[in-house]
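The values are calculated or read from the model by the stated rules, or taken from the named source; none is laboratory data. Since the structure is predicted, the reported quantities are computational estimates derived from the model, not experimental observations. With ideal geometry, Cβ positions are generated from the backbone for all residues, glycine too; neighbour counts draw on all protein chains shown. What goes into the accessible areas is simple: the full protein's heavy atoms, side chains included, and nothing from ligands, DNA or RNA. Shrake-Rupley method; radii C 1.70, N 1.55, O 1.52, S 1.80 Å.
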Amino acid sequence: MKILQRIEDFCGDTFPDISKEKGIQVWLYKKTPQSSRYGYLKEGNPLEISLYLSKADNANIAKEVLIRLLVRSFIGQQYEYRFRNHVQTLFEDILSDEYVTSVVTFMVMGRKLGRANCVRALEQAVEETVFRLSQKQTQNKLADLMYNFFQEEKIKTKKKSNIIEQREELVLKLLDFLPEKIKTQLQQTDLSSTTTV
């Protein structure tokens, strides 16, 4: 209970009522020597955590992994149950959420957020991002975007394409995965830079 309270304190909000009513299920599994994963949230259900530990894992490792997954559950619940109209995006879902998860985990465990822990948090976020990008649903989103983009390009022009120009257009397509707030800021920055020139 103390851990959940600390997560709420550091996040500046409370767990939604549904998690207090239904609880958060934590399934404990034996971690295999081949696996580097310590756990994950069930896709589409932030109230279900799968935790993987081996006999070699000590209490500190178990505690850190559990806190990390509870923080991830907290973030997932905010999207799922509080901001029902909030459209999640690839970059927001993955890299930023994972970085925040790592940072809050360190704070809950009483560690200082010095540069070394910020670097470690970033490493954990990148590792988790790579894992989540390797998942089928996310890969399908990106594969569809790439396929559709190059099909459109093929229809648009019959002449030999300029790959550098296509790259710029592809970057603009990928921006669709960014949160609306960031896209708006980027557009405003582009407008202000063009008006001052």
In Å², nearest 10: area of Val108 left accessible to a 1.4 Å probe: 10 Å²
Environment charge of Arg111, counting only residues whose C-beta is closer than 11 Å and scoring Lys/Arg +1, Asp/Glu -1: +1
Exposure of Met146 as accessible area (Å², to 10), given a probe of 1.4 Å and all protein chains: 80 Å²
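Which order do Ile24, Ile75, Ile67 take by accessible area at a 1.4 Å probe, largest first?
Details: Ile24 45, Ile75 25, Ile67 0 Å².
The ranking, largest first, comes out as Ile24, Ile75, Ile67.
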Accessible-area value, Phe150, 1.4 Å probe, nucleic acids and ligands omitted, Å²: 80 Å²
Under 5 Å, built H, 5+ apart or other chain: amide partners of Gly39: Tyr52
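What full-extension length gain, to one decimal in nm, is calculated for Val130 and Tyr147 as 0.36 nm per residue of separation minus the Cα-Cα distance?
On the way: separation 17, 0.36 × 17 = 6.12 nm, distance 2.10 nm.
Once the chain is fully extended between Val130 and Tyr147, it gains 4.0 nm.
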Net charge of neighbours whose Cβ lies under 10 Å from the Cβ of Tyr52, counting Lys and Arg as +1 and Asp and Glu as -1: +2
